[in-house]
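This report refers to the structure that appears directly beneath it.
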Amino acid sequence: MAKTSTGILHATRNDLGANAREVSVGVLNAALADAIDLTNGVRMAHWTVRGPQFAALHALFETFYDQLGGTTDEIAERVVQLGGTPDGTTQLVGAKSRLEPYPAGLRDGMDHVKALAARYAALAKEVRAGIAATGDAGDADTSDLLTGFSRTLDKGLWMLEAHLG
Ligand SMILES: [Fe+2]
């Protein structure tokens, strides 16, 4: 089992209490692993998609992983701001991600759309739970960051489901 950083906080002048920071670092690190895992799934879809909608899906998946890349950076940097260490290595992501493993053999465009829609929905659900947990712990800023992320995931889910009729 890979070691994670949650619970070991570095000193900071940030005025949030240790409990709030500890809750947020745990929630953020869980979301970070999921988001990096999802990014890699989207990249697999971008690389391997085949079929009549190739051009549109190849381009759409690129916008998705660009968005996810920006968000994962924000999440990881907030972990550090709160005194934590991002669980961002390949090994930690593999050990911690709550998403179903992305199937390596997918090729058909709609199979990729369905696989990504399931994972966008699953991650949005986890992130929404994190919005509440960090808000209740007193960290409105992390709650706000996660709120923005959930909105991005919901929009991505809409775009994916629009392909499915
Ligand atoms: Fe590319």
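List of remarks:
- A Förster radius of 45 Å combined with the Cβ-Cβ distance from Ala95 to Asp154 puts the calculated FRET efficiency at roughly 0.95.
- Value at 222 nm in deg cm²/dmol, rounded to 500, when DSSP H runs of n ≥ 4 in the chain each add -39,500 (n - 2.57): -24500 deg cm²/dmol
- Sum of side-chain charges, Ala133 neighbourhood, beta-carbon under 11 Å (Lys, Arg +1; Asp, Glu -1): -2
- Put simply, the amide H of Arg98, placed in the peptide plane, has neighbours under 5 Å in Asp34, leaving out anything fewer than 5 places away on its chain.
- Size of the stretch 80-165: Rg and Dmax of its alpha carbons, in Å, are 15.2, 45.
- Per residue accessible area in Å² of the stretch 69-137, where ligands, DNA and RNA are left out and the probe is 1.4 Å: 47 Å²
- The stretch 17-49 and the stretch 77-134: distance between their alpha carbon centers, rounded to Å: 5 Å
- Here the ratio of the Cα radius of gyration of the chain to 2.2 N^0.38 Å is 1.08.
The values are calculated or read from the model by the stated rules, or taken from the named source; none is laboratory data. Note that the coordinates shown come from a computational prediction; the quantities given were computed from them, not determined experimentally. Quick reminder, even Gly has a Cβ in these numbers, built from the backbone with ideal geometry, and neighbours come from all protein chains shown. Each accessible area value is taken on the protein alone, full model and side chains, heavy atoms only, with ligands, DNA and RNA left out. Shrake-Rupley method; radii C 1.70, N 1.55, O 1.52, S 1.80 Å.
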